[in-house]
Amino acid sequence: MNDLQLLRYSRHILLPQIEYDGQEKLAQSHVLIVGAGGLGSPVAMYLAASGVGTLTICDFDAVDLTNLQRQIIHTTQSVGTNKAVSAQQAIFEINPDVLVHTVQQKSTESEMAALVAQADVVVDCSDNFATRYALNRLCFQHKTPLVSGAAIRFEGQITVFDFRHAASPCYHCLYPDTGSDQEMRCADNGVFAPLVGMIGTAQAAEALKLLLNIGESLQGRLLLLDALTAEWRTIKLARDAACTVCG
């Protein structure tokens, strides 16, 4: 690190769990972020500010005026721009040292598999079950840690599936794929603006802990947030021996 980088990351380097070596590790790390919306915004911003060297951001959607109530990485001037490109532009303003790759179209499963294989950690900020199930399968196959988050109305959840550990459950253990395509979407149900920030920031923290191998991750635990009552609840998760993905 040069002098400016030492100054930029000085508050990290002061932490005994990170120090210089940990910050260097972040600089050499690669995180795949799927979705640059409400959850992906704080994830991308905090990972970039923290000095993660390479981010790959996937989103085929364009910024819409209705997104700006909660998707804080985008601005009014971003309306009409692809979300991954808009996020890339914002990250350059936050930390120009971060290399950002953008994927601006829907990926096939084989294309997504190649992206997962290149990443040290995958952060699922998507808003549909098809993507979540696909990422879960691919992360399990490549033994890549997966940070999963979701938020709707006033309720959010976050967990970690760390497939480097044999005992880790997977997303399919938690929500078995029944073939139903019913989705809970913000356009139909609404979403409290700060909620996605609270869950997305927690996702960023879990990703950083995984990259640094510090603390205790949310593997085996589902963290639930009710923003109306300001209550967090924890549910223990176990691997399903009958799971068709990881069982």
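Got a number for residues in region 194-223 being more than 22 Å from ILE72 (Cα to Cα) and of a type outside the set (Val, Ile, Thr)? Reasoning before the result, please.
Our first condition is that a residue be more than 22 Å from ILE72 (Cα to Cα); within region 194-223, this holds for 209-223.
Next, only the ones that are of a type outside the set (Val, Ile, Thr) stay: 209-213, 215-223.
Number of matching residues: 14.
The sole residue among ALA204, ALA227, ALA193 that is farther than 30 Å from GLN28 by Cβ, touching a Leu at 6+ places or on another chain (Cβ under 6 Å) and not polar (S, T, N, Q) is ALA227. Checked across region 169-182, the condition of being buried (at least 20 other Cβ atoms within 10 Å of the Cβ) and of a type in the set (Gly, Ala, Ser) holds for no residue.
Does THR131 meet the test of being among the hydroxyl-bearing types (Ser, Thr, Tyr), surrounded by fewer than 21 Cβ atoms within 10 Å (Cβ to Cβ), modelled with pLDDT under 95 and outside any loop (DSSP other than H, G, I, E, B)? Even if it seems obvious, please write down each step before you answer.
Working: among the hydroxyl-bearing types (Ser, Thr, Tyr): yes; surrounded by fewer than 21 Cβ atoms within 10 Å (Cβ to Cβ): yes; modelled with pLDDT under 95: yes; outside any loop (DSSP other than H, G, I, E, B): yes.
Yes.
Annotation: of all residues in region 1-58 being assigned to a loop (DSSP other than H, G, I, E, B) and small (Gly, Ala, Ser), the one that is surrounded by the most Cβ atoms within 10 Å (Cβ to Cβ) is ALA36. Only one of the numbered conditions (1) touching a helix residue (DSSP H, G or I) at 6+ places or on another chain (Cβ under 8 Å); (2) outside any helix (DSSP H, G or I) is not met by HIS101, and that is (1). Selection of region 77-111 for residues being aliphatic (A, V, I, L, M) and without any contact (Cβ under 8 Å) to a residue 40 or more places away in the chain yields VAL79, VAL85.
Please report, ordered by residue number, the helices (runs of 4 or more DSSP H) entirely within region 141-239 with at least 3 residues that are at pLDDT 95 or above and under 30 Å from GLU19 (Cα atoms). Give the steps one after another, and end with the answer.
Numbers: elements: 171-174, 186-189, 193-212.
Where helices (runs of 4 or more DSSP H) fall fully within region 141-239 and carry at least 3 residues being at pLDDT 95 or above and under 30 Å from GLU19 (Cα atoms), they are 193-212.
Name the single residue, out of those in region 59-70 being assigned to a loop (DSSP other than H, G, I, E, B) and out of contact with any helix residue (DSSP H, G or I) (no Cβ under 6 Å at 6 or more places or on another chain), that is nearest to VAL85 (Cα to Cα). Checking each candidate, the answer is PHE60.
Is it fair to say ILE199 is surrounded by 14 or more Cβ atoms within 10 Å (Cβ to Cβ) and more than 15 Å from the chain's Cα centre (by Cα)? I'd like the intermediate steps shown before the answer.
Details: surrounded by 14 or more Cβ atoms within 10 Å (Cβ to Cβ): yes; more than 15 Å from the chain's Cα centre (by Cα): no.
No; evaluated as a whole, the condition is false for this residue.
With respect to the stated conditions, GLN141 is more than 24 Å from PRO194 (Cβ to Cβ) and either aromatic (Phe, Trp, Tyr) or over 18 Å from the mean Cα position of the chain (by Cα) (or both). Just one of the listed residues (VAL52, VAL34, VAL63) is aliphatic (A, V, I, L, M), more than 12 Å from the chain's Cα centre (by Cα) and within 19 Å of VAL121 (Cα to Cα), and it is VAL52.
Counting just the residues of region 218-244 that are among the small types (Gly, Ala, Ser) and over 20 Å from TYR175 (Cα atoms), which one comes out surrounded by the most Cβ atoms within 10 Å (Cβ to Cβ)?
ALA227
Each residue in region 112-124 was checked for being surrounded by fewer than 16 Cβ atoms within 10 Å (Cβ to Cβ) and either among the polar types (S, T, N, Q) or in contact (Cβ under 8 Å) with a residue 40 or more places away in the chain (or both), and 1 of them qualify. In the list VAL147, VAL63, which residue meets the criterion of being in contact (Cβ under 8 Å) with a residue 24 or more places away in the chain and either under 20 Å from GLN203 (Cα atoms) or surrounded by 20 or more Cβ atoms within 10 Å (Cβ to Cβ) (or both)? Exactly one residue qualifies, and that residue is VAL147.
The values are calculated or read from the model by the stated rules, or taken from the named source; none is laboratory data. As the structure is a prediction and not an experimental result, all values here were calculated from the model. Ideal geometry is used to build each Cβ from the backbone, glycine not excepted, and the neighbour counts take in all protein chains shown.
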